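**Student:** Pasting a structure below so you can have a look.
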Amino acid sequence: MQNSFLREKHGQLYLVTRTGRGSKRKEKWLPLPETDRDLIEKTLLSKEALKEEIIQFPCMNPECRNTIPMTKSQLEDFFVSSKKKYDMIIMPFCSKECRDKMLEKHGGSIDEYKR
Ligand SMILES: [Zn+2]
């Protein structure tokens, strides 16, 4: 497993490469010259743009064949932030009807969980 990302420390930009996992994780900090900065930022921006590619996520109601168009970052956000904020995975549904149908099946509306 290898992961590269940028870190800024005291105004200096570093390319951090993370290898391995768990206790064997290693980080290599490579300082980047100021001149590379523009290029890197542009590269990263295009990478971010790639993330905006729209994917079709299937509705979580098994009886429904609809898909929900969302960007990869939205999807990521959907699962990661709901897990972080509420410590639960929120399932995407194509419509309120599908959501309600599933909630009904599993007892109760979402409002009851909020209480
Ligand atoms: Zn649906």
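The values are calculated or read from the model by the stated rules, or taken from the named source; none is laboratory data. Here the structure is a predicted model, which means the values were calculated and not measured. Note that we place each Cβ from the backbone using ideal geometry, even for glycine, and neighbour counts take in every protein chain shown.
**Student:** Please specify each residue of the range 75-107 satisfying the condition of being exposed (fewer than 10 other Cβ atoms within 10 Å of the Cβ) and either modelled with pLDDT under 70 or not in a helix (DSSP H, G or I) (or both).
**Tutor:** Within the range 75-107, D87, M88, H106, G107 meet the criteria.
**Student:** Determine which member of the set E48, E76, E52, E34 is in contact with a helix residue (DSSP H, G or I) (Cβ under 7 Å, 6 or more places away or on another chain) and away from the ligand (no atom under 16 Å from the Cβ).
**Tutor:** E52
**Student:** Being at pLDDT 75 or above and not assigned by TED's automatic domain parsing to the domain that holds C94: is that true of E63 here?
**Tutor:** no
**Student:** Pick from the range 55-73 the residues that are more than 16 Å from the ligand (Cβ to nearest atom) and of a type in the set (S, T, N, Q): which of them is nearest to E8 (Cα to Cα)?
**Tutor:** Ranking the qualifying residues of the range 55-73, first place goes to S73.
**Student:** Right, another one. I'm trying to understand the selection: among the residues of the range 79-103, which are near the ligand (Cβ under 9 Å from one of its atoms) and basic (K, R)?
**Tutor:** Those that are near the ligand (Cβ under 9 Å from one of its atoms) and basic (K, R): R99, K101.
**Student:** Among the residues of the range 43-74, write down those that are basic (K, R) and part of a helix (DSSP H, G or I).
**Tutor:** Across the range 43-74, the qualifying residues are K47, K51, K72.
**Student:** For T35, indicate whether it is exposed (fewer than 11 other Cβ atoms within 10 Å of the Cβ) and assigned to a helix (DSSP H, G or I).
**Tutor:** Yes.
**Student:** Select from the range 21-30 the residues that are loosely packed, with under 10 Cβ neighbours inside 10 Å and of a type outside the set (D, E, K, R) and list them in ascending order.
**Tutor:** G22, S23 - these are the residues of the range 21-30 that are loosely packed, with under 10 Cβ neighbours inside 10 Å and of a type outside the set (D, E, K, R).
**Student:** Further, regarding this structure: So how many residues does the range 1-32 have that are farther than 20 Å from K47 by Cβ and part of a loop (DSSP other than H, G, I, E, B)?
**Tutor:** Going through the range 1-32 one residue at a time, the tally reaches 5.
Yes/no matrix, rows are residues, columns are (1) out of contact with any Ser or Thr (no Cβ under 8 Å at 6 or more places or on another chain); (2) within 23 Å of E76 (Cβ to Cβ); (3) at pLDDT below 80:
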position	(1), (2), (3)
K9	yes, no, no
Q12	yes, no, no
L15	no, yes, no
R18	no, yes, no
K26	no, no, no
E34	yes, no, yes
L39	yes, no, yes
